[in-house]
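S.K.: Here it is, the structure in full.
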Amino acid sequence: MDFKLSEEHAASQRLFHEFAQKEIAPYAAFYDESAQFPRENINKLAAQGFMGVPVPEEWGGAGADFLTYIIFIEEISRACASTGVILAVHTSVGTFPVLYFGSEEQKQKYVRKLASGEYIGAYALTETGSGSDAASLCTSARREGDDYVLNGSKVFISNGGHADVYTVFATVDRNLGSRGITAFLADRDTPGFSIGAIEKKMGLNADITTELIFTDCRLPASQRLGQEGEGFRIAMSLLDGGRIGIAAQGLGIAQAALDEALRYTKQREQFGEPVFNFQAVSFKLANMATRIEAARLLVYQAAFLKTNSLPCSKQASMAKMYATDTAMYVTTEAVQLLGGNGYTRRYPVERLMRDAKVTQIYEGTNQIQRLVIARALQKGF
Amino acid sequence: MNFQLSPEHEMIRKMVREFAEKEVAPTAAERDEKEHFDRNIFNKMGEIGLTGIPWEEQYGGAGSDFLAYAIAVEELSRVCASMGVTLSAHISLCSWPIWKYGTEEQKQKYLTRLAEGSALGGFGLTEPNAGSDAARMLTTATLEGDYYTLNGSKIFISNGEGEIFVVFAMTDKSKGVKGISAFIVDSSFPGFSIGGHEKKMGIRAASTCELLFADCKVPKENLLGKEGEGFKIAMTTLDGGRGGIAAQATGIAQGAFEAALNYSQGREQFGQPIFNFQAVSFMLADMATKIEAARLLTYQAAWTEGQGMPYGKASAMAKLFASDTAMEVTTNAVQVFGGYGYSREYPVERMMRDAKITQIYEGTNEIHRLVIARYLK
């Protein structure tokens, strides 16, 4: 065991932190208030080569390992949670599907562009009738000669409208249950594929979330990802990485909230002294810091296992559940510590609290995470 | 002991619930989205007698009690926390100190307008550097002939767009806390204006403003109580005000819980209503239990005040518990709704944003723990 980040990882962390604080953080409030896709942030990230941090160099990525990517998501999220999730979705479930399951042609067509940021990726699994019960999805893919015709709709899709390519899950035969689910790569301008309404959300407002509508959308078989009926397995295999990514996002949000709460309580004076001096305040901060420390260790442990190709499903679920529950707890306490000021939009903590909530819900609700962990316990690992 | 509401109280609950469902609920989401305080709704509350529930009829009140008032705030908050706090601040923070400490002339002149709802009332205590440490205020009041001249500013003032305010200012800096005095300020007095509207996380349909006093001339008859009595007036006012917030928090929690319960019974995943999963039903069971306890603490505080008994500890406990409950219940309600809970098309995320402030204003929950601890000592 070694609890010190390697020189390389530490250097990456410093690099990401400085970049994020300088180029991303100052605009977070603006993007939240205006609910705009942070195109400027994406341009800056692309210019740094950060749109494909874990993508192999042969495909135009930075070739970093998974732990480095996780540290990256944490630091970006610490500056702007919306930008953090845009990147996590773009990479973990927007790029990896093609990278790991794509044919040579598909990889040539998409990976380089995704890694450079020329293309933005997205992932379309959820429907109005299938959230936690993803396998019960209804969007159909009817085989017609060399094509598939897709009909149905998806909901809550991050990067909706801004992504260039979407990994879409549809069923070739509902009677087969999860074994009928097939993955496809849909370009944004495919006829029959349209972007629906933009979701108005509690937070993460710069993460543009939309409905996707497929009306006799024709995709050639060359756009099918993997085999017919392989879709659910593809989705499941992406889960571990996706969960650790969201765990890192939650961690970043929590850290940002702690940073602000510490800063504020050390300088805000009431009753003749900084409020930090009151045990009610300092003990809260102590609790927050401890929870974040534990969350970080869980997240890095999961990332370490994945980096080393060791089994990590239980640890990934633990990290996701714990780090996002921590984010909710820490941000709620941070608003409290900033008092009336914390409740106004002039300070960042209420935004952090609004952003934190969804991290307990998406990428598998924390109830589903507990199910996964419980099953692992039941099986003895 | 009797845990049943009287027929009169049941009737008030029914009446306010119907009013809330008909006149307040349909526009709650839109008013939140637009950050719009709808004065018309407040006026309608006046028309049905809500704006002066606890005061005697001779002052235009309904001649009812604090328990009825708590029920009214709870029922309003169940559909719209913004209108709940509007009524609470109006009655507990503005009307009560005038009722308790005002001269007969002051009551006739101001309490009646407040009770009838023709004037909206607020409470000007907080300043940028005087939050929990309210005594550290900088706003001054200098007696010059027949007027006090007020200079300074107040922030985070609920009902800032109203007409009548109980404002606290320093009449004698050398006396510290005992140098603070209370004044009844009419928004029409020269030198009074409102500054910006606060951009908030929640209760966005409630009016929250800065109050600015620039050589504001307040007639000396508008001194409330005696010079130097201001801090005592403020603290005793907050003692009762916290009961109103306890009722608001209870209402918010109730609204969120009902929505979550309803949703969980209709939403199916894995072939059954998600209510069937213990993770969900147990969450709802915990929510229901805490709301029950919060309500009982809130009603106990209101009843205690109505009985004329000391109610400081009861109201502090009620506010502390009910607001913590509201925060927990609304956060879990969003969770029960899953992805939809995060959408502004459903009401629970608004309730979660609304709940947070109940742990902060009218005395942070940390101050409340201080207050309760003092009673324990």
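Any read-out appearing in this document is the output of simple, stated calculations on the displayed coordinates, not a laboratory observation. Since we're looking at a predicted model, the values are computed, not measured. When we count neighbours, we look across all protein chains shown, and the Cβ atoms used for this are built from the backbone with ideal geometry, even at glycine.
S.K.: How well do other chains shield peptide A:334-342, expressed as the mean number of their Cβ atoms within 10 Å of each residue Cβ?
M.R.: Mean partner-chain Cβ count within 10 Å for A:334-342: 5.
S.K.: What is the Cα radius of gyration of the stretch A:98-181 over 2.2 N^0.38 Å, N being its residue count?
M.R.: Relative to the 2.2 N^0.38 Å estimate, the stretch A:98-181 comes out at 1.18.
S.K.: If you don't mind, there's one more thing I want to ask. Take the Cα radius of gyration of the protein assembly as shown and divide it by 2.2 N^0.38 Å, with N its residue count; two decimals is plenty.
M.R.: Taking N as the residue count of the protein assembly as shown, the ratio is 1.04.
S.K.: Just add up the charged neighbours of B:F168: K/R +1, D/E -1, any other residue whose Cβ is under 10 Å from the Cβ of B:F168.
M.R.: Every neighbour counted, the sum reads 0.
S.K.: Here's another thing I want to ask about it. In whole Å, what are the extents of the stretch B:208-266 along the principal axes defined by its C-alpha atoms, from largest to smallest?
M.R.: Over the stretch B:208-266, Cα extents along the principal axes are 61, 25, 15 Å.
S.K.: Can you report the principal axis dimensions of the stretch A:233-317 using only the alpha carbons, biggest first, rounded to whole angstrom?
M.R.: Rounded to whole Å, the extents work out to 61, 17, 16 Å.
S.K.: Here's another thing I want to ask about it. Taking chain B as a Gaussian network, where each spring joins two C-alpha atoms under 10 Å apart, which residue of B:D186, B:D133, B:D239 fluctuates the most?
M.R.: Result: B:D133 has the largest fluctuation of those listed.
S.K.: Separate question: For B:E198, what is the net charge nearby, where nearby means another residue's Cβ is under 10 Å from its Cβ and Lys, Arg count +1, Asp, Glu -1?
M.R.: +3
S.K.: Something else: Provide the gained length on full extension for the span A:E8 to A:N287, in nm with one decimal, where the gain is 0.36 nm per separating residue minus the Cα-Cα distance.
M.R.: The A:E8-A:N287 span can extend by a further 97.4 nm.
S.K.: Sort out for me the Cα centre separation of the stretch A:302-381 from the stretch B:57-103, rounded to whole Å.
M.R.: Each part's Cα centre sits 40 Å from the other's.
S.K.: Still on this structure, I have one more. Over the Cα atoms of the stretch A:4-159, how large are the radius of gyration and the largest Cα-Cα distance (Dmax), in Å?
M.R.: 17.4, 56
S.K.: Defining a contact as two alpha carbons under 8 Å apart and six or more residues distant in sequence, what relative contact order in percent does chain A show?
M.R.: Here the relative contact order equals 16 percent.
S.K.: Now for a different question. In what order do B:L120, A:L125, A:L239 fall by count of nearby beta-carbon atoms within 10 Å, going from fewest to most?
M.R.: Ordered by Cβ neighbours within 10 Å, fewest first: A:L239, A:L125, B:L120.
S.K.: Count, for each residue of B:339-347, the Cβ atoms from other chains sitting within 10 Å of its Cβ, then give me the mean as a whole number.
M.R.: 6
S.K.: Can I get the semi-axes of chain B's equivalent ellipsoid? Compute them from the C-alpha gyration tensor as square roots of 5 times the eigenvalues, in angstrom, largest first.
M.R.: Listed largest to smallest, the semi-axes of chain B are 36, 21, 20 Å.
S.K.: Could you pull out the pairs from A:K314/B:K319; B:K44/B:K100; A:K113/A:K306; B:K34/B:K100 whose alpha carbons sit more than 29 Å apart here?
M.R.: Those over the limit are A:K314/B:K319; B:K34/B:K100.
S.K.: For a bin width of 5 Å, list the pair-distance distribution of the stretch B:138-179 built from all Cα-Cα distances, rounded to whole %.
M.R.: Using 5 Å bins, I get a P(r) of 6, 20, 24, 24, 16, 9, 1 for the stretch B:138-179.
S.K.: How high is the relative contact order of the stretch A:123-247? Use alpha-carbon pairs under 8 Å, at least six apart in sequence, and give a whole percent.
M.R.: With pairs under 8 Å counted, the relative contact order is 28 percent.
S.K.: I'd like the trypsin sites (Lys or Arg not before Pro) in the stretch A:1-94 restricted to DSSP loop residues with at most 11 other Cβ atoms within 10 Å, sorted by number.
M.R.: In loop regions of the stretch A:1-94 (DSSP not H, G, I, E or B), the sparsely surrounded trypsin sites (Lys or Arg not before Pro) are A:K4.
S.K.: Also, quick follow-up: Take each complete run of DSSP H in chain A, measure how far its Cα atoms stretch along the helix's own axis, and keep only those covering 27 Å or more with mean Kyte-Doolittle hydropathy at least -0.5; list them.
M.R.: Long hydrophobic helices here: A:231-267, A:279-307, A:313-337.
S.K.: If you count, for each residue, the other Cβ atoms within 10 Å and average over each peptide, how do B:276-288, A:64-76 line up from highest to lowest?
M.R.: A:64-76, B:276-288
S.K.: Sorted from largest down, give the three principal axis spans of the alpha carbons of the stretch B:1-108, whole angstrom values.
M.R.: 42, 36, 21
S.K.: Sticking with this structure for a sec: Normalising by the residue count of chain B, find the relative contact order in percent from Cα pairs under 8 Å and 6+ residues apart.
M.R.: RCO, chain B: 17 percent.
S.K.: Let me ask another. If I histogram all Cα-Cα distances within the stretch B:310-377 using bins 10 Å wide from 0, what percent of pairs lands in each bin?
M.R.: The percentages, shortest bin first, are 22, 39, 23, 13, 3.
S.K.: R0 = 51 Å: FRET efficiency of B:E144 with B:L370, Cβ-based, nearest 0.05?
M.R.: E(calc), rounded to 0.05, equals 0.85.
S.K.: Take the Cβ-Cβ distance between A:E273 and B:E10 as r, set R0 to 56 Å, and report the resulting FRET efficiency rounded to the nearest 0.05.
M.R.: Between A:E273 and B:E10 the formula returns 0.65.
S.K.: Just to be sure I understand: if I project the alpha-carbon convex hull of chain A onto a plane and average over all orientations, what area do I get in nm²?
M.R.: With the hull built on Cα positions only, its mean projection is 19.3 nm².
S.K.: Taking just the alpha carbons, could you work out the radius of gyration and Dmax for the stretch A:327-381, both in angstroms?
M.R.: Just the Cα atoms of the stretch A:327-381 yield Rg and Dmax of 15.9, 50 Å.
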